Structure formats: C-alpha cells, structure tokens
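Here the structure comes first, spelled out in structure tokens, and everything after it is commentary.
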Amino acid sequence: MNTITGLTLSQLVHGLRTGDFSSREAVQAYLEQIERLEPNLHAFISLAPEQALAQADIADSRLAAWRKSGENPIPPLLGVPMAIKDVLCVAGLRCTAGSRILENFIPPFSATAVERLLEAGIIVLGKTNTDEFAMGSSTENSGYWVTHNPWNLERVPGGSSGGSAAAVAADMAPAALGSDTGGSIRQPAAFCGISGIKPTYGRVSRYGLIAYGSSLDCVGAFARQVSDVALIYSLIAGHDERDATSMDYPKPQVNLNGKDLKGLRVGIPDEYFIAGIQAEVEASVREAIQVLQTLGAAVERVSLPHTEYALPVYYLIAPAEASANLARFDGIRYEPRSEAESMWGVFYRTRGERFGAEVKRRIMLGTYALSAGYYDAYYGQAQKVRTLIKTDFEQAFEKVDLIAAPVAPSTAFPIGRHSDDPLAMYLEDIFTLPANLAGVPGLVFPVGFDANGLPVGMQLMGPHFGEDILFKAGHAYQQVTDWHQRKPPLIDKAFT
Amino acid sequence: MSNIYEPVIGLEVHAELATRSKMFCACPVVDTTQAEPNSAVCPVCAGMPGVLPVVNQKAVEFALRVALALACEIAPSSLFARKNYFYPDLPKGYQISQYENPLAVNGRLTILTSQGEKVVRIRRVHLEEDTGKLTHIAESGNGSINEIRPAHTLIDLNRAGVPLLEIVSEPDMHSAEEVGAYARALHSLLRYLKVNSGDMQKGAMRIEPNISIRPAGSQTFGTRCEIKNLNTFRGLERAVDFEIRRQSALLDEGKVVEQETRGWIDDQGITVTQRSKEEAHDYRYFPEPDLPPLVLDRAWVEEILASLPELPISRLHRFQEQYKLSAYDAEVLTAEQETADYYEAAVAAAPQVAPKVIANWICGELFSLLNQTGMTLAECPVTPRALAALIFLVTSGEINLGTGKVVLAEMFHSGQSAEAIIASRGLRQISDSSAIAGMVQQVLKNNPEQVQSYLAGKTGIAQWLFGQVMKAAKGQANPQVVRQELEKQLNAMINNGY
C-alpha cells in the first residue's frame, strides 16, 4: 500500500521532519497517484513534475541540514506537495483559469496566497481544473475537460474548484488551494467528502487570483481534515498591501485544542431546511448538529429572512463585475489570438471563439445589468438587497456564534444533468451564495453519505473574522466522528 | 442677416499629476516621448489577470492640493469606479476613474480677461488613470513583395496608469478669450502647486471644451459639441472660435447642431466629426470593487490646505496693491511662480528703486533676451540681485538707460556683473554739467548751419543736435543734463540776439 499519499497533511509534515521519507519520495508518490488516477478523474489542467522534483531536492537538503543541526526553525510546510486551482497565479507556470482564451498565459508573478505557501515550503504539483473563470458548480464548464467525482465517476465533483476537491479526495494531493465566489470551495468539498474553508472576504489577499466577481471572490483551502485546513488558512490569511480590500486584521492564531463546545451557540436557519432538499442531506446535517450538541453546544433556530433573494442578487452582481474583469481578454495581449482584418474583428473573433457558453452568458447578463437605463433597476437594486442579506447575518450573529446548514440541496449530481438548464445549475448554489454576499466565512466538512455512497457535507458559517470558531467546532466534530477518514473506493482499486 | 448668439462653454481638463510613481502601482512615471517603449510597465499597469490596484497616496495629495486651491468642497469619502470600454491602449478593458462621489466638487477659479476678472465655477475634480499610447504605422516596404510590412499599430504602456486629474468647469464661459484665460489660469495654478509639469507639448494638460450656442437672452441650453484633446492654448482658442462660427452658421441656415464629439485639425483650422451621439459609448460605470472608498483624514486635508503656496490670483492682487503695478504687469509677473519669485527677489534687492521700474525691466528687456535665446527664467544667467544692481545704476544716474540695456545684454551673455562690465568698458555716465557744457559748446560751434535753422524757428533740429552731443559722448552722457545744457546754450544764443 502506498503509505505516503494516504497521510494527512500534518502526518506528512511529521514524516518529512523525522526523515521517515524524503520530500522527493513524497512528491514522487503523489505524481504516481496522479498518473494512476488522472485518466479517470481529469482533476488537473497542468502538471509541473520536473519543477516539483527539483524543489523537493532543495527541500530535502534543507530538511537534512535541519535534522543535523536542529537549529534555525524551518518553514512549517517544507517539502510538502500541494495542488493549486488554476485561477491562482504561480510564477512561471501556465495559468488558464480553465479558459481557452488563456491557453498560453504564463504569469511572471505568484498570487499572494501561493507566495505565502511557497515561503512556508510547499511544492506545487500542478494546477487543478476549474469551471472557466470559476463560473460554474460542476467543473463541467472547464474549457479543457470535465473532472469526475472520485466517489462516483459518473458524478460531478462540484465546482468551480472541482479539480482541487477531487485531487484531495483521491489522495493526489494532501491539500489544495481553491477559490469561492458563490460556493466554489464549499460545494465541491461537500460533493467530494473533504474539508474546505471559504474565509471572510478580505481575510486572504486576492492578489494573483484571476478575478471573477471581485467583491465576492475568496481564496481558501481544501484538506482531508479541518485541522489541516486551519493550518493552511493560518499561513495564507493576513493583510497584503497589494490588495486594498484585504483587511488589516491581526494574523490568525488558530487554537484547536479540545473538543469541548460548552457555551457555543449554534443557529439553525429556517430558510436552509426547505422542501426540495434531499432527505439524506437534511438527515445527515441534523445528525451532525446533534453531535455538536453532545459536545456541549447549544442549538437554537435563527432566521435569515432574505435568503431567497441571494440567487438573483448574486446573478446580477457577480456577472456585472465579471463583465468588466473579463474585458482584458481581447486577443491583444494574451495568446492565442484569432486574427482578423480589423481591431474589432480581433476582439469579436478571439472572444467569440475562445470563451465558453457560460462565460458569454454571464458577460451578457452583467453587461445588461450595468447598462444605461438599467443600472438602478438591476445592479443598484441588487446592491441594496445585498445589504439586507448582510444585515440578516449580523442580526443572527447577535444571538448565535455560528450557523449550521446544508451546503447544497443534494449530493453530487450526475455529469450532464444540468447542461441544458443553467437555472437548475444556479440553484445548486442557493445555500452557499449568501455567505459570499455577506462576506462571512464558511467551513465545510463531511457528515455522512447518501444511499448511493455519495458524501454529504455540512457548512458552518461564522461572523466576519470568526474562522477560529468554525475551526474549533469542525475540529471537535472530527475528533468524535470518522467521516473525514473515509476514502473513495477507487483509491484502493487503483492499487489492486 | 445673422442672428446674435451667446456661446455657452464648459471645459474638461485632464492634467497629468507629476508624481514619481503611477496611480495604482509602483512603476515610475517616465517621459513617454523619451523613454524606451514599455520600459516602465509592471503586471498591474499592464492589466495582467489577477492583479489589483492600490491607490498612490501622493496622487491623492496632489489632487487635494488642486481641489483645495480651487476652493472645492472635499468629499470625506469618495469612490473609484470602472469606466468600461474596449481599446488596445486600455489594458484592463476599463479605466479606473471616479464617477458618483468624486474627490471634490463646487469650486471656483478666477480668470483674467480684457473685461476684467471673472469667476468660473468648478463642477468637480476627480482622480483617474491615463491610458497607454498607440502609434499607427502605415504599410511600408521597398517595392519587393517580401519586404512589405503591412500597416500595424504599436502599443506603449509607459503612460498607462499615470495619475490624471480631471477638472470639470461649469458652462460659465462665453467666448474663446474666456476659455483661453481659464486654461491659462488653470495651467498657472497647477504649476504653482507643483503638481504638473506644465509641458503641454507632451500632453501634460489636455483640454476638452463643450460648446453650445443659444439666441442671446435665452435661458435654455443649445445642443453641445465636445472637442477632444486640445493641447495648446492657441489651438483651444481657435477651435472654440471656429466651433462658435460653425454652429452659428448652421442655426442661421435653419439647420440644427448635432450632439457629437469633434476633433480639431490644427493645420486646416477646422473641427470635424469624430463620433456622433448614436455612436457614443455606454461606459457602464460601476463602483470599483477592488478599491475601498477613499476616506480622507480631516487633519491631513487641513495640513495640505495650510501648506498651499500663495496662489497666482492672490499674488496678482498683492502685486497690484503692494508694488503699484498695472493689472497687465501683475498678470505677466505672476503667471509663473518663478517669474513672480524672481521679481520679488529683485525688488527686495533694490529698495531704492520703484518696483514698477523693475517690472518694466523684467517684462521688457529681460523677457526679450530670454525669448531670443529660448531660455527659461530658471536658466537665466542674470540673478535677481544682479539685475537689481544694474537697474539701480541706471536710476541713480550712474549710467543712462541706453547703456543700461547694452550692459544687461552683456551680463546676460557673459554672466558678469554690471559694475564689472561698466568698469572694464568705461561706460560710466557723464553727469558732470561742466564737461557736458563743453561738449555742447563744441557741437554748436561745429554745426553752425543747423544752429541757424534752429534760431530761424526750426526747433525740431534740437533733437538732431542732442544726438550729436550724445554721439560725441559715446552715449555715456546723462541725457537729461545734455538736454538741459543744450536748451540753456541755445536760449542764451536767442537772448544774445542772434
């Protein structure tokens, strides 16, 4: 059995430090796992095996020197391989954002979150698949290929960070970075049975994240267990002078000790347990809430009355911002370019031929929402309702410390189910959109399985900068449950 | 018969802020006419995917200097916005500007026209970023098909992201003269505040007038046309004049003025249609989500207000009052801060000389020397103190005015002091009346015919005789003494019964 890829992030760090295995061995193990499973999963868009092995050798010599002298603290994740969603720039590695319009873009800089992890010692294995420009809930909108759910290859892994979630679920990486604009970390984490955090808006720098909906975009992380997600979060969070919207708030001190949740007030929002959600999803989430109660938490009902408006508000604000964010892809600066006789011809053809249908749909939606004569009725009105949604959360967090809710109405749906019905696809995000609109953090972890053997996730939402409460509750939960230790059967099958 | 129309004109001015770095990144601001293309570009100003803007505090400070100098109300919190349009000189596909909630509103600028002073209201002052520069290259080649280079366009992003200040006036102007005066007053103000290079040739200040006309006495506005990107005062005035005449002719013929954007063709002296109303962009402005509201610390704004220099119009008023200068002289001397400083330094160095006399020397002789050599005052080899010393030598009678001018030219070219030039060339003025009396006597003796003509009543000949005396004195005689002595001796002749 492959022992290395089966380890959690913390176990991997420990093994590298004690010298149980080298960073080169770890990188090689993950590359082999990727090679084995990638034909079934298509979790990656680009791989960087040579660079990764070269970095591993450097890490190994630093680890060896450190073991010898014992002095000079080494970076916390030295020699640990990770996967990065292909909307985050890594200097020198192609970054496509899942789009054919950026097929050959090699950024000369790294995203701040990536840079902080590189400083912490990680090694980038590759860039994971995503819906084009992170627009989607299934990774089916990728301009490259569809990623499959490791638990069932006929199912989607969720999206848009489906590549990162599938990679972690299938032990192709011990952890991964993702981005979440309307649920793009939380929903794939739930669909793939792993843990993931969407931090408070402004907690992690967006510098180097290819923008989709700038006022909603958050960089976050996936790992098998909450404590590992918390570790990565603690390394990437904090003010960045290159992002004017990143908050100047003290560096997080994540303290996970204990599983006692006495005094914790958990809110159950009426609006998230509605007709139409899959019975097994509701049952698993309610059971998980009971587990929190047994750990000492007090549970009470809360109301987030404007929840039903989150979907229309989101689909005005995010596309409006996207319509401007994607204007730079005009065929002038980034290859490939579709040649034409005139400047406008180059714009039309490049964008027409290289953007996918969903991206075009959202650019048109957003352009319309911002147009003269429509702005007040659409974008302007959406901003006002967004304020109401934010107020819902503020009022709820006067009564409770966190809110527990399902992540999505169902478990992973079959590939192709929503391909002709964008609205049905948009409805997949109804429970995740409000946190983005309000800017509050959301933590997802597995709480059970449905009858088809597909994972069910639960999300905990907290007040702004309340990640530590979420991690504490999630970690306590995982100390008394083992859902996060379950792995898709395909991992073992691949070895037999 | 032509009707009488009243032109109504407002101006949008774009001024580059002379900060060291760009508006939203750390790239240096370079002279785009000199620097290697795309040498001052980073991922942020190139609009690469994933980058974010960060506001340059110095640009905000410069903008506040201008807004405060224009007596604007400063918004405690203002918003940046995205102005969306596609063009290859705009790397992000939108320009970061300000739209709703600009930095400052409701200011005023005093301008000087032949009718006197006038206040033009300022509607708003806001910050934005400049675009890159496109150079269109025509097809070229040497005839061989392989050598032909098709027409193409080069993009230089050095200017992309340079901070721009947009200053919008109310439509308070009614003639090309007022428009010119406004533009000059603003140019002068920006230079005083040291926020703009003032180099209009290089596009440091671009002016866009909005012009409409209406029947004299009417209170409603006519349809306006905007003329894009004028960068000389003369071109601005000519373009406005042309546009007023064009619109008047249209209305006289019973036609209508179409709302449109027009361009000025300088060598033909005409404006032409660039973009009609139908083709006008919908910029789809919305608040820039990458930048939080620009919240200003009140104490900082107060500090900037307190640090403003004396502004051109105040200085002009003071010069008129304190130095008894005409409005014209005061305007000329205060248009540039260097000139005003130079003048005041010269005045301070020559307390015995009337300030008006010093003004005449600077506006006359010194400016003409600078013009001839193409130098600026900053490069002038004659210091205010040296000029003051020269003027004092003239007013105290040490040398006469003509010699003074010759000496100034010499000072200008050699950098020597007036004293040194006068001493080395023996130019000191002869004021000794007995010496001059002798010269006069000699001249009268040598020119009996002319003397006779004078005595016969041709008094005009006295000027010729004066010239002869000055010539004999090699120009160094005190002309007043010569005149007195000449008059005295000729009168004596008359009295003696010639």
Extended-chain gain in nm, criterion 0.36 nm per residue less alpha-carbon gap, B:Lys58 and B:Ser218: 53.1 nm
query: What's the angle, to the nearest 10 degrees (0 to 90), between helix B:479-495's Cα axis and the longest principal axis of chain B?
result: 40
- prompt: Under a point spin-label approximation (7 Å from Cα along Cα-to-Cβ), what is the B:His317-B:Ser396 distance to one decimal in nm?
  reply: 3.7
query: Which loop-located GluC sites (Glu not before Pro) does segment B:123-178 contain, where loop means any DSSP state but H, G, I, E or B and the Cβ has at most 11 other Cβ atoms within 10 Å?
result: B:Glu139
- line: Expressed per residue, the solvent accessible area of chain B in Å² (1.4 Å probe) is about 47
- request: Determine the sum of side-chain charges near B:Pro355: Lys and Arg each +1, Asp and Glu each -1, restricted to other residues whose C-beta is under 12 angstrom from that of B:Pro355.
  value: 0
message: Quick one: the Cα spread of segment B:192-318 along its three principal axes, in angstroms, biggest first?
response: 58, 46, 36
message: Please report the carbon-and-sulfur percent of the accessible area for segment B:21-104; probe 1.4 Å, protein heavy atoms only, DNA, RNA and ligands left out.
response: 53
Approximate spin-label separation A:Met364-A:Glu394, in nm, with each point projected 7 Å along Cα-to-Cβ: 3.8
query: Which parts of segment B:283-327, residue by residue, lose 40 Å² or more of accessible area when the rest of the protein chains are there, as against the chain isolated (1.4 Å probe)?
result: B:Arg284, B:Phe286, B:Pro289, B:Asp290
field: Estimated buried accessible area (total), pair A and B, 1.4 Å, Å² to nearest 100
entry: 2700
message: Give me the extension gain from B:Met493 to B:Val406: residue separation times 0.36 nm, minus the current Cα-Cα distance, reported in nm with one decimal.
response: 27.8 nm
query: Of the accessible area of segment A:71-146, with the probe set at 1.4 angstrom, what percent is carbon plus sulfur?
result: 51
- prompt: Counting Lys and Arg as +1 and Asp and Glu as -1, what is the net charge of the other residues whose Cβ lies under 10 Å from the Cβ of A:Glu271?
  reply: -3
- line: With B:Gly93 itself left out, Lys, Arg at +1 and Asp, Glu at -1 over residues whose Cβ is under 10 Å from its Cβ give +2
message: Just to check, using Stokes-Einstein with a Kirkwood Rh over alpha carbon pairs, what's the diffusion coefficient of the protein assembly as shown at 20 °C and 1.002 mPa s in µm²/s?
response: 64
message: Restricting to Cα pairs below 8 Å that are 6+ residues apart, what does the relative contact order work out to for chain A? Please round to a whole percent.
response: 17
- request: Can you send over the carbon and sulfur percentage of the accessible area for segment B:379-498, probe radius 1.4 Å, protein chains only?
  value: 52
statement: Flagged as over-length at 18 Å C-alpha distance, from B:Lys58/B:Lys194; B:Lys405/B:Lys488; A:Lys85/A:Lys251; A:Lys127/A:Lys360, the pairs are B:Lys405/B:Lys488; A:Lys85/A:Lys251; A:Lys127/A:Lys360
- request: Would you mind getting me the FRET efficiency between B:Ala456 and B:Asn3? Use the beta-carbon distance for r and R0 = 56 Å, nearest 0.05.
  value: 0.30
Cα pair count fraction exceeding 25 Å, expressed as % - segment B:340-498: 42
task: Please sort by residue number the GluC sites (Glu not before Pro) in segment A:28-90 whose DSSP state is loop and whose Cβ has at most 10 other Cβ atoms within 10 Å.
output: A:Glu71
- request: Calculate, for B:Lys445 and B:Ala345, the FRET efficiency according to 1/(1 + (r/R0)^6) with r their C-beta to C-beta distance and R0 60 Å; round to the nearest 0.05.
  value: 0.75
Stretchable slack from B:Tyr328 to B:Glu379, in nm (0.36 nm times residue separation minus alpha-carbon distance): 15.9 nm
- prompt: Considering amide H positions built from the backbone, and no H for Pro or chain starts, which residues 5 or more places from B:Ala18, or on another chain, come under 5 Å of its amide H?
  reply: B:Asn196, B:Ser197
statement: accessible surface per residue for segment A:79-154, probe 1.4 Å, DNA/RNA/ligands not counted, whole Å² -> 22
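The values are calculated or read from the model by the stated rules, or taken from the named source; none is laboratory data. Remember, it's a predicted structure, so these values are computed and weren't measured experimentally. Note that we place each Cβ from the backbone using ideal geometry, even for glycine, and neighbour counts take in every protein chain shown. The accessibility values were calculated without ligands, DNA or RNA, using every heavy atom of the protein model including side chains. Shrake-Rupley method; radii C 1.70, N 1.55, O 1.52, S 1.80 Å.
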